[in-house]
Amino acid sequence: GDDGSLKTWGELSAGVDWRQERGWAGGLGLKYKWEGYEGYLDSYYLYDLGRDPSLSFNDKFPPLEREDRGRAHWFHRHDLDGQWRYELESHYLSDRSLREEFFEREFKEEKDPETAAYLRWKHLNIMAFIYERSRLNDFQTQDEYLPRVDVALLAQPLFPGLFDHVYYTERFDSVYIRRRFDEDLRLDRVETWRTDVINELRLGLDLRVIQISPFIESRLTV
């Protein structure tokens, strides 16, 4: 630390699994956090001896394509100062069934794996970001953003000091999208771009018993 005392930067862990039917597996994990940045790495490897055909749970999975199975998921967030932040993420999977078989809670509750880079700037009620996402796993159907750019002015009082309940919001969002399909579907990728410009004028009224907020909004999409 800045005062010379010892502080925990991170934690490195190793795990080993043994399954009577499926074989040995294991992985390394890393969690770290320091002033301004934090992240984690989660990895797992399994040399799969094969599924038991007598278990009905295995009927929903396609045949194994390889014995070497695993994943590596890395995420990093860094706040450079009060205005700038960037995030990096990469999530590799060896095959389409791994998460559902061995990480069922994650498969059902968490977001789909993605590989992306994100840079954000903010100052008071003005913000902007640029976001790039690319598909890493060929068996996923996913939209790639190459890139997406968003700039916004949020809830700006039009008459500060005189009539503080009238707010103006403006947002510009533009993205080049490439949809890539699961390779087994044998579909050609689809590419397009989209730009949205949104303007909103809102009146916030507090009537004690109820609060109402009438607004007028325009949206142009190309």
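See the values below:
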item	result
Residue match in region 45-55 (condition: in contact with a helix residue (DSSP H, G or I) (Cβ under 6 Å, 6 or more places away or on another chain), farther than 30 Å from W121 by Cβ and either in a loop (DSSP other than H, G, I, E, B) or in contact (Cβ under 8 Å) with a residue 60 or more places away in the chain (or both))	yes
Only listed residue being of a type in the set (A, V, I, L, M, F, W, C) and either closer than 21 Å to Y118 by Cβ or touching a helix residue (DSSP H, G or I) at 6+ places or on another chain (Cβ under 6 Å) (or both), chosen from W34, W24	W34
Tally, over region 36-48, of residues that are in contact with an Asp or Glu (Cβ under 7 Å, 6 or more places away or on another chain) and open to solvent by 70 Å² or more (accessible area, probe 1.4 Å)	1
Test set (1) touching a Pro at 6+ places or on another chain (Cβ under 8 Å); (2) outside any strand (DSSP E or B) - H73 fails condition number	(2)
Tally of residues being within 23 Å of W121 (Cα to Cα) and touching a Ser or Thr at 6+ places or on another chain (Cβ under 6 Å) across region 132-154	4
Test: D164 is assigned to a strand (DSSP E or B) and surrounded by 12 or more Cβ atoms within 10 Å (Cβ to Cβ)	no
Members of region 117-161 that are part of a loop (DSSP other than H, G, I, E, B), under 19 Å from W74 (Cβ atoms) and open to solvent by less than 60 Å² (accessible area, probe 1.4 Å)	R135, N137, Q140
Members of region 168-216 that are more than 30 Å from S134 (Cα to Cα), open to solvent by 100 Å² or more (accessible area, probe 1.4 Å) and not β-branched (V, I, T)	D206, R208, Q211, F215
Any pair with Cβ under 7 angstrom, 6 or more apart, that starts in region 4-27 at a residue that is β-branched (V, I, T) and ends at one that is open to solvent by less than 60 Å² (accessible area, probe 1.4 Å)	V16/G26
Residues that are without any contact (Cβ under 8 Å) to a residue 24 or more places away in the chain, of a type in the set (D, E, K, R), over 20 Å from L41 (Cβ atoms) and open to solvent by less than 90 Å² (accessible area, probe 1.4 Å), drawn from region 59-116	D81, E104
Subset of region 10-27 (residues that are modelled with pLDDT of 95 or more and either within 17 Å of E89 (Cα to Cα) or open to solvent by 100 Å² or more (accessible area, probe 1.4 Å) (or both))	E11, L12, V16
Those residues of region 29-44 which are without any contact (Cβ under 8 Å) to a residue 40 or more places away in the chain and aromatic (F, W, Y), in sequence order	Y32, W34, Y40
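The values are calculated or read from the model by the stated rules, or taken from the named source; none is laboratory data. Everything numeric here is computed off the predicted structure, so don't read it as measured data. Because the Cβ atoms are built from the backbone with ideal geometry, glycine has one as well, and the counts that use them run over all protein chains shown. Ligands, DNA and RNA are stripped out before the accessible areas are found, and what is left, the full protein with its side chains, is counted by its heavy atoms. Shrake-Rupley method; radii C 1.70, N 1.55, O 1.52, S 1.80 Å.
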